[in-house]
Amino acid sequence: MEMKITTVIRGDDHITNTLKQINVLDALGATIPSYAHLPMVLAESGKRLSKRDGAEDILDYKKKGYLNDALVNYLVRLGWSHGEEEIFSLEKLKKIFNLEDVNSSPSKYSQELLDWYNNKYLNFLTPEDLILKVKENSGVDFNQIDNGKLAISLLAKGAHSLNQIAEESAYFFEEPQTKFDLLKIDSDKKILLSEFSEQLKEIDFKKNQIEDFIKEFLRAKNLKFPELGKPLRVILTGKENAPSISELLFILGKENSLKRIEYTLKDG
């Protein structure tokens, strides 16, 4: 009563005790607030949401690298919509959100949708803000490497959290251990990579020229991109799945890129 609450918003599992609370307030001579009961968020199976299905403390999502605005946008869209729009700023939500438009049926938790929203909001950030948030969240500092802004922006394209950016960034900070079980190159592929390395030395290391060089090399050798791209990704990052080869080469730089290729060919 002292807080002068005008509207009580809670889950619809509290509907049954609403009348009791109204009677108590009425007996005390208090002003009766409005009550709004929102449908529950269920697991994808349709059962009550539990930790096994993704239910966690809101602070746990922050520790995992989910952004505040992404969480708000995701939660709002679980039981409310506004035409075909998917992304809403807090300022816009303040203007257009209305409790009367909230769906009456339960919503289902979707980790995939939450990841989609967080990816969108990660990519709304400037490189400077991304670097700051990743450092605060995990201690990984992209300011400590050359082309750190480019590196973090590249990783953010495919990331669903600040934690994932940090976890995927190791190969930008130190040379990866070559995983020869993933590499699987024969003598012909070694010759091909050696030729690629020798020709790579001669080009001006600008992004568009790296892209043009790769295309021309593939054309001259009559190769499909995966025949070159797959081993190069493993050599440069230690992973089979990694960002664009031309962007990786550019961000790592000529000296570092050539060193990784030549080291692998020497020891492979």
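Readers should treat all values here as calculations from the given coordinates under stated rules, not as data from a laboratory. If you're wondering where the values come from, they're calculated on a predicted model, not measured in any experiment. Cβ: placed from backbone, ideal geometry, glycine included. Neighbour counts: every protein chain shown.
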Between their Cα atoms, which of LYS135/LYS206; LYS201/LYS259; LYS149/LYS207; LYS207/LYS266; LYS157/LYS221; LYS189/LYS221 are more than 19 Å away from each other? LYS135/LYS206; LYS207/LYS266; LYS157/LYS221
So how far, in whole Å, is the C-alpha centre of the range 214-268 from the one of the range 26-97? 44 Å
Taking θ = phi - 60°, what integer Hz values does the Karplus form 6.51 cos²θ - 1.76 cosθ + 1.60 yield along the range 108-125, in sequence order, with x for Gly and Pro? 10, 5, 9, 5, 4, 5, 4, 4, 4, 4, 5, 4, 4, 6, 4, 7, 6, 6
Placed amide H near LEU38: partners under 5 Å, 5+ positions off or other chain: ARG10, GLY11, ASP12
Placing one equal point scatterer on each C-alpha of the range 180-267 and summing with Debye, one gets log10 I(q)/I(0) at q = 0.10, 0.21 Å⁻¹ equal to -0.21, -1.04
Antiparallel versus total DSSP beta bridges in the chain: what percent is that, nearest 5? 10 percent
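Would you mind calculating the gained length between LYS63 and GLU44 on full extension (0.36 nm times residue separation, minus the Cα-Cα distance), in nm to one decimal?
Working: separation 19, 0.36 × 19 = 6.84 nm, distance 2.35 nm.
Full extension of this stretch gives 4.5 nm more.
Per residue of the chain, what 222 nm ellipticity follows from adding -39500 (n - 2.57) for every DSSP H run with n ≥ 4, rounded to the nearest 500? Walk me through the intermediate numbers first.
Details: 15 runs with 150 residues, N = 268.
After summing the helix terms and dividing by residue count, I get -16500 deg cm²/dmol.
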Distance (nanometres) between label positions extended 7 Å along Cα→Cβ at GLU84 and LYS201: 5.5 nm
Once phi is turned into ³J(HN,Hα) by the Karplus curve 6.51 cos²θ - 1.76 cosθ + 1.60 with θ = phi - 60°, what whole-Hz value does each residue of the range 7-13 show in order, with x for glycine and proline? 9, 9, 10, 7, x, 6, 6
Stretch gain in nm, segment ILE96-ALA36, where the contour uses 0.36 nm per residue and the Cα spacing is subtracted: 19.8 nm
If you plug each phi of the range 43-48 into the Karplus form 6.51 cos²θ - 1.76 cosθ + 1.60 with θ = phi - 60°, what whole-Hz ³J(HN,Hα) values come out, in order, with x for Gly and Pro? 5, 4, 6, x, 8, 4
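Mind listing which GluC sites (Glu not before Pro) in the range 69-117 are in a DSSP loop and have 15 or fewer other Cβ atoms within 10 Å?
Values: sites: GLU84, GLU85, GLU86, GLU91, GLU100, GLU112; in loops: GLU84, GLU85, GLU86.
Here the GluC sites (Glu not before Pro) that fit, given the DSSP loop and packing criteria, are GLU84, GLU85, GLU86.
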As a quick test, which of the pairs LYS64/LYS254; LYS62/LYS94; LYS190/LYS224 have an alpha carbon distance above 25 angstrom in this structure? LYS64/LYS254
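With a Förster radius of 22 Å, plug the Cβ-Cβ distance of GLU174 and GLU136 into 1/(1 + (r/R0)^6) and report the FRET value to the nearest 0.05. Before the final figure, lay out the partial values.
Values: r = 22 Å, r/R0 = 1.00.
After rounding, the FRET efficiency stands at 0.50.
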